[in-house]
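The values are calculated or read from the model by the stated rules, or taken from the named source; none is laboratory data. What you are looking at is a predicted structure, and each value in this text was computed from that prediction instead of being measured. All Cβ positions, glycine included, derive from the backbone under ideal geometry; neighbour counts span all protein chains shown.
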Amino acid sequence: MPIVAPQTSSPDPVEVDALGARLHGLVAEILPHRRCITGDGLRQTLLALGQRVPLRISEVPSGTRVLDWTIPKEWRVREAYLAREDGTRIVDWADSPLHLVQYSVAARDRMPLWALRAHLHTLPDHPDLVPYRTSYYAPTWGFCLSQRSLDRLAEEIGEGGEVEVVVDAEQVDGSLTYGEVLVPGQTEEEILLSAHACHPALANDNASSLAVATALARRLIDGPTLRHTVRFLFAPGTVGALAWLDRAHAHLGQIRHGLVLANLGDTGGFTYKRSRRGTLDQLLPVDRAVEVALRDLGHGLEVRPFTPTGYDERQFGSPGFDLPVGRLTRTPHGEYPEYHTSGDDLSLVRPEALAASLEALETIVRTLDGDGVYRNAQPYGEPQLGRRGLYASLGGLPNGPEAQQAALWVLNLSDGQHSLLDVAERSGLPFAAVRAAADRLAEADLLTDETPRPTAPVGDGATLSADDLVTDFRSP
Amino acid sequence: MPIVAPQTSSPDPVEVDALGARLHGLVAEILPHRRCITGDGLRQTLLALGQRVPLRISEVPSGTRVLDWTIPKEWRVREAYLAREDGTRIVDWADSPLHLVQYSVAARDRMPLWALRAHLHTLPDHPDLVPYRTSYYAPTWGFCLSQRSLDRLAEEIGEGGEVEVVVDAEQVDGSLTYGEVLVPGQTEEEILLSAHACHPALANDNASSLAVATALARRLIDGPTLRHTVRFLFAPGTVGALAWLDRAHAHLGQIRHGLVLANLGDTGGFTYKRSRRGTLDQLLPVDRAVEVALRDLGHGLEVRPFTPTGYDERQFGSPGFDLPVGRLTRTPHGEYPEYHTSGDDLSLVRPEALAASLEALETIVRTLDGDGVYRNAQPYGEPQLGRRGLYASLGGLPNGPEAQQAALWVLNLSDGQHSLLDVAERSGLPFAAVRAAADRLAEADLLTDETPRPTAPVGDGATLSADDLVTDFRSP
Amino acid sequence: MPIVAPQTSSPDPVEVDALGARLHGLVAEILPHRRCITGDGLRQTLLALGQRVPLRISEVPSGTRVLDWTIPKEWRVREAYLAREDGTRIVDWADSPLHLVQYSVAARDRMPLWALRAHLHTLPDHPDLVPYRTSYYAPTWGFCLSQRSLDRLAEEIGEGGEVEVVVDAEQVDGSLTYGEVLVPGQTEEEILLSAHACHPALANDNASSLAVATALARRLIDGPTLRHTVRFLFAPGTVGALAWLDRAHAHLGQIRHGLVLANLGDTGGFTYKRSRRGTLDQLLPVDRAVEVALRDLGHGLEVRPFTPTGYDERQFGSPGFDLPVGRLTRTPHGEYPEYHTSGDDLSLVRPEALAASLEALETIVRTLDGDGVYRNAQPYGEPQLGRRGLYASLGGLPNGPEAQQAALWVLNLSDGQHSLLDVAERSGLPFAAVRAAADRLAEADLLTDETPRPTAPVGDGATLSADDLVTDFRSP
């Protein structure tokens, strides 16, 4: 069974430019779809991704119990706007889905500005930006607009000026949709990569991660088979992740490593949020592989402990599931001024940032996949590497070249207790050099492979049964 | 069984002023009693405290073996002074008990200054201060005076000038006295708060802690019953603590948490000295509750490891007992210039410092008492808090309000392995907010209480038997 | 069984000067011997050390398998030089053994400078220094010279100028030599001190350590018997250490602590490289004793983790042996500009540095030897030290003198779980003060000795059998 070593060659800058442009193009393509936690905007987004990679779509009917939750009805909007008495529109959902609070209930009314204010959301500290707000479970309606628009309106019509309210929306029985890409590996041990797919009109949060993840899926499909199966999950936040968890129950034991992906397009540095177990107990391979991979790539990395707030790591890291899932972002949620506003647009997301995010994610996956545990077959003293062509013949220089150092490190730590990731961490050597040294030493019969393997098939993938697969999108 | 949550409301500044004044008044009241490790000054101090709270007094007869020690005779002084040939007194015990080395033996003599010097104690670096010195077990006598007085005397009478020495003191069979306040709780699990009560004429060390502890006892008696029984111990340092330990042997297993209290009246920041076990092994709840409580109050805190020097934590933390007892002070012993001198007077102790010490101590006790271990009854994914009224209905804002964050943290860490103290530490949220969230979640049947409880009564309080209780003070 | 306490008196500066001069003299005496991993230069070095201490010599015949290696043939050089066409010598092995790559094969040729360059080694960054190079296992030949000599030659004769090459050397059946000094202790538990003895003409690396170790052996032989047996090993690097390990297999279990010694003569600060186990798992006594001893002596110390590169700690710390062996140096290999060059000469090594290295090494050995585990015989409260003359009679001063603090610390931590080294670390008190306090407390029956002792003799020293001992050096 050949082992796939991480790629060590530096990427070609021209290729990176082209890659960044392609990723940015995909973000631009999916940005306009009016995503929500249910509905056709979500389906259109998945369809667009499904043109790049084989995507399996699941629909979970409204009213279905998923864990402690219930799949909500689908929210459908025909039109929604605020208008002055003369009919000119103040804000219009047709211009941007952000203008309407998600899951607003129907309303058709006329009221003075002072009364309307209870339904208006602005950002006084960022007067030009329109906020993104939701009210999935409390039946209300609301409009989001820039503080500056509101101030101008108040100046022009006064607090007593009348405003027409139209929310032509309904909540109907339908279903919640999520998509999966499965890249089969040599084993059913899984790496889960999950990105929420419910936010409309926000480029970084999270069209960026949908684009990066789709591009990685394509690469892995096109490349040599990994040891791990890699599963990509594109689902609406919270209730979508819960729906998947509910249905995937039987095969969750196969998940060896996972990452929630968000905000991978801005130019901030990378931030890693550790898995729950890595925070409470001891670092998991995913927690360590992220650090090693980003170190090897020369990126800075801010590492944070797990918290039960944030994205879907909340669900994967709930105490009952406690999956080995961390979270990779660039700037975390709430920490950039454009977060959840109309400012999170195509200009915030940069091609070179997307390309570097893809490279980082791929290196993490390859590090996790290339890890292993070995035993030195000649553990008493150093084996004589020179006669096996594994040692510089000219002595007297301190430490020797990297490949030779890597060989010494792998031999020294291959006591059945340490993994190659341990070696990469302790030695400071790139994981790829360590992996390559292990391959050379194994060829020379100086190592035996003691990587733990499941003794029986971990599962049968039955949770992705034919019943779940919907290949035709239902029309609204 | 109702759970008493920590109080979260900020104290009223006017009340704080009044409280500080009352505490300072109590310090002033007990300061003049001529405390020693035995005798009537100690008894009078306990009597004064006993006017505020029900105090149980124990007398241990001279000559009683307590652990490796023997209760000494009582030391009684009628008069003690140094005088010039003309009869004018140089120093007089009547002016301050500090002038005489504690437990000085009787002496009546006349000697030149140069010979007397072997019996004189001064502080050359602090020439205006009179030191505090003891010689409990080595039979000698000595006087303490300011370096300036001594220099003046030498100038006036010369080294050959004669000085009259009078120490009219005796050591007689009697007893060693200590006092206890017991605030019964819902269980016999105990919190021990101990303050040494043997130092004469030193306001911060330790009249301050006697006053603060007495005030806390009064509050706890007047308030709702805690889960823990709280025991206050006011005993002479070392031999008094040993006497109590010797007699309390049978019930020491009930002690779950404890603090030695000292120097709680100066304006220095708080210093916590960890328990022995918390230093050697792993932090105990008391070690962690002190840090959390002072953090929640916005106080700085210097944390130090256990050492076998200091106050009675030496005895509680001896390897045989190894009780879960830390030490709370403001400025530790030996680290303020007035330590063990006449400068440790009423001006060193500040009303606002005493009031803040009381608030800190109460918060620590309530944190320890409010801690518990819970299990999330819906551990797979987040339970839907919204439909239970525990979640903000408007989404799109990062993290949400503190109460909601606290609920998410409690749910996530309530896996039967983590306590609310763990939650407060990891989340950075105030313990009171965490405690309140646990109460709300338990009401909503989302938590079950798994706080470890003793399966049988821990003891019967027999060690505080009637024989030990002396309600009348014997006259000297 | 008397316990030997570490010496606490500061060394006399005049004695230190004399000692430094003696150590420097020994370095100067052994520097000229043409050491290699085999051969007479190595034997002459051991013979010189054997004039100071009883040294047992072992010879391991060429061709012997040792672990994964084979003892090489002996390398013998009659002459080796480069000469111009007019016969004047460019470099000559007779001037310095560094000029010839160690283990060069025979060559007799004439070639233009441009062709010769493949066999020349210089240090362009240090143009006046001659490098040290070896080729033990790849059959080639080469010369080392200063960049400046080479440049001058090129200027004078041009790239086409002819150079005469003479390497009159051969590799013949012989043996590899190593030496051991055994200082018997009260037990067969061993401290191993190892210094590589194969580098020619390099003063710091490692004539310095051979001198320091020999001087310590002399001191230990002349002083009172330690609890531990101390073994000094002077062997060629790598293959010599492997040969010793191969033959010592049966008694390696006796080794309780060990140090590889190198570069002990330069004026850099001390650097300690932890043992393999101390790096991976938890600190071993040797890792801790080095830190405590150097702290007690007031030296700075840079502590580094184990790595599988460096000196013979690579072999002692291979995963099969995993011996408790750290490494003590001043400036580590490769970190001073003169490393492995002709600049590592007598001027780099300073008498005062050698003397301080000896003092440090002796303090480490005495700390390891004086360590022990005790149990407080009066663990409930403090025993009354005053009536045993172990406590200052005058109270009221914070903490008291060092001896009293040491007694309190030893009593508090003597719970059968902590060693005196633990006490020295936690208290910050000098190990010698802690050891002395334990002695006084044991005399007063307040401590019982619970130092773990092997229940049976650990070995019989058979690995140093008569067959291994060669007292006559064979002539070349």
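Can you say whether residue C:343 is closer than 30 Å to residue C:204 by Cβ, within 12 Å of another protein chain (Cβ to nearest Cβ) and under 22 Å from the mean Cα position of the chain (by Cα), as far as the supplied structure shows?
Judged against the criteria, residue C:343 is not a match.
Out of all the residues in segment B:236-247, which are assigned to a loop (DSSP other than H, G, I, E, B) and either among the aliphatic types (A, V, I, L, M) or closer than 20 Å to residue C:379 by Cα (or both)?
Here is the first cut: in segment B:236-247, the ones assigned to a loop (DSSP other than H, G, I, E, B) are B:236-238.
Residues satisfying the conditions are B:237, B:238.
For residue A:336, work out the one condition from (1) within 14 Å of chain B (Cβ to nearest Cβ); (2) surrounded by fewer than 24 Cβ atoms within 10 Å (Cβ to Cβ); (3) touching an Asp or Glu at 6+ places or on another chain (Cβ under 7 Å); (4) without any contact (Cβ under 8 Å) to a residue 60 or more places away in the chain it doesn't fulfil.
Residue A:336 satisfies every listed condition except (4).
Considering only residues that are among the small types (Gly, Ala, Ser) and within 12 Å of the chain's Cα centre (by Cα), look in segment C:226-240 and name the one that is nearest to the other protein chains (Cβ to nearest Cβ). Quick ask: steps written out before the conclusion?
Narrowing segment C:226-240 to residues among the small types (Gly, Ala, Ser): C:235, C:237, C:240.
Checking the rest, the ones that are also within 12 Å of the chain's Cα centre (by Cα) come to C:235, C:237.
Working: C:235: 13, C:237: 9 Å.
Step by step, filter segment C:226-240, then rank; the result is C:237.
Inside segment B:248-294, can you point out the residues that are of a type outside the set (Lys, Arg) and part of a loop (DSSP other than H, G, I, E, B)?
Result: B:263, B:264, B:265, B:266, B:267, B:268, B:269, B:275, B:281, B:282, B:283, B:284.
Of all residues in segment A:45-67, count the ones that are in contact with a helix residue (DSSP H, G or I) (Cβ under 8 Å, 6 or more places away or on another chain) and polar (S, T, N, Q).
The total comes to 3.
Is it fair to say residue C:83 is touching a helix residue (DSSP H, G or I) at 6+ places or on another chain (Cβ under 7 Å) and of a type outside the set (Val, Ile, Thr)?
Considered against the rule, which asks whether it is touching a helix residue (DSSP H, G or I) at 6+ places or on another chain (Cβ under 7 Å) and of a type outside the set (Val, Ile, Thr), residue C:83 comes out as no.
Only one residue in A:182, A:176 is out of contact with any Gly (no Cβ under 7 Å at 6 or more places or on another chain), in a strand (DSSP E or B) and under 21 Å from residue A:260 (Cβ atoms), so which one is that? Reasoning before the result, please.
Details: A:176 fails: out of contact with any Gly (no Cβ under 7 Å at 6 or more places or on another chain).
Just a single option satisfies the conditions, and that option is A:182.
Within segment A:20-31, is even one residue at pLDDT 95 or above and in a loop (DSSP other than H, G, I, E, B)?
Taking every residue of segment A:20-31 in turn, at least one turns out to be at pLDDT 95 or above and in a loop (DSSP other than H, G, I, E, B).
Going through segment A:216-247 one residue at a time, which ones are of a type in the set (A, V, I, L, M) and buried (at least 19 other Cβ atoms within 10 Å of the Cβ)?
Just the residues of segment A:216-247 that are of a type in the set (A, V, I, L, M), to begin with: A:216-217, A:220-221, A:226, A:230, A:233, A:235, A:239, A:241-243, A:245.
Within segment A:216-247, A:216, A:217, A:220, A:226, A:230, A:233, A:235, A:239, A:241, A:242, A:243, A:245 meet the criteria.
Filter segment B:144-163 down to residues that are surrounded by fewer than 19 Cβ atoms within 10 Å (Cβ to Cβ) and within 16 Å of residue B:89 (Cβ to Cβ) and give me whichever is nearest to the other protein chains (Cβ to nearest Cβ).
Restricting to residues being surrounded by fewer than 19 Cβ atoms within 10 Å (Cβ to Cβ) and within 16 Å of residue B:89 (Cβ to Cβ), the top hit is B:149.
On the basis of being in contact with a Phe, Trp or Tyr (Cβ under 9 Å, 6 or more places away or on another chain), at pLDDT 95 or above and within 16 Å of residue C:367 (Cβ to Cβ), does residue C:278 make the cut? Spell out how you get there, then give the answer.
On the way: in contact with a Phe, Trp or Tyr (Cβ under 9 Å, 6 or more places away or on another chain): yes; at pLDDT 95 or above: yes; within 16 Å of residue C:367 (Cβ to Cβ): yes.
The answer is yes for residue C:278.
Which condition from (1) within 12 Å of another protein chain (Cβ to nearest Cβ); (2) assigned to a helix (DSSP H, G or I); (3) in contact with a helix residue (DSSP H, G or I) (Cβ under 9 Å, 6 or more places away or on another chain) is the one that residue C:356 breaks?
(1)
For segment A:273-309, give me the residue count where each residue is touching a residue at least 40 places away in the same chain (Cβ under 8 Å), crowded, with 21+ Cβ neighbours inside 10 Å and either over 19 Å from residue A:430 (Cβ atoms) or under 15 Å from the mean Cα position of the chain (by Cα) (or both).
Qualifying residue count for the region: 8.
This table checks each residue for (1) touching a residue at least 40 places away in the same chain (Cβ under 8 Å); (2) of a type in the set (Asp, Glu).
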{"site": "C:24", "(1), (2)": "yes, no"}
{"site": "C:55", "(1), (2)": "yes, no"}
{"site": "C:71", "(1), (2)": "yes, no"}
{"site": "C:79", "(1), (2)": "yes, yes"}
{"site": "C:92", "(1), (2)": "no, yes"}
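Here's a check for you: in segment A:318-333, which residue that is of a type in the set (Gly, Ala, Ser) and either over 23 Å from residue A:269 (Cβ atoms) or within 7 Å of chain B (Cβ to nearest Cβ) (or both) is farthest from the chain's Cα centre (by Cα)?
Residue satisfying both the conditions and the ranking: A:320.
Report yes if residue C:195 is surrounded by 24 or more Cβ atoms within 10 Å (Cβ to Cβ), touching a Phe, Trp or Tyr at 6+ places or on another chain (Cβ under 8 Å) and part of a strand (DSSP E or B), otherwise no. Walk me through it before giving the result.
Values: surrounded by 24 or more Cβ atoms within 10 Å (Cβ to Cβ): yes; touching a Phe, Trp or Tyr at 6+ places or on another chain (Cβ under 8 Å): yes; part of a strand (DSSP E or B): yes.
Taking the combined requirement at face value, the residue satisfies it.
Helices (runs of 4 or more DSSP H) wholly in segment C:363-462 with at least 3 residues that are surrounded by fewer than 19 Cβ atoms within 10 Å (Cβ to Cβ) and away from chain B (no Cβ under 11 Å) - which ones?
C:431-443
Taking the options B:271, B:307, name whichever one is within 25 Å of residue B:238 (Cα to Cα), within 13 Å of chain C (Cβ to nearest Cβ), touching a Lys or Arg at 6+ places or on another chain (Cβ under 8 Å) and modelled with pLDDT of 95 or more.
Exactly one of B:271, B:307 is within 25 Å of residue B:238 (Cα to Cα), within 13 Å of chain C (Cβ to nearest Cβ), touching a Lys or Arg at 6+ places or on another chain (Cβ under 8 Å) and modelled with pLDDT of 95 or more, namely B:307.
Pick from B:78, B:108, B:148: which is more than 24 Å from residue B:344 (Cβ to Cβ), within 36 Å of the chain's Cα centre (by Cα) and either at pLDDT 95 or above or not assigned by TED's automatic domain parsing to the domain that holds residue B:335 (or both)?
Values: B:108 fails: within 36 Å of the chain's Cα centre (by Cα); B:148 fails: more than 24 Å from residue B:344 (Cβ to Cβ).
Just one listed residue meets the conditions, B:78.
Condition first: hydrophobic (A, V, I, L, M, F, W, C) and either within 13 Å of residue C:235 (Cβ to Cβ) or in a loop (DSSP other than H, G, I, E, B) (or both). Now tell me which residues in segment C:32-49 satisfy that.
C:36, C:37, C:42, C:46, C:49, listed by residue number.
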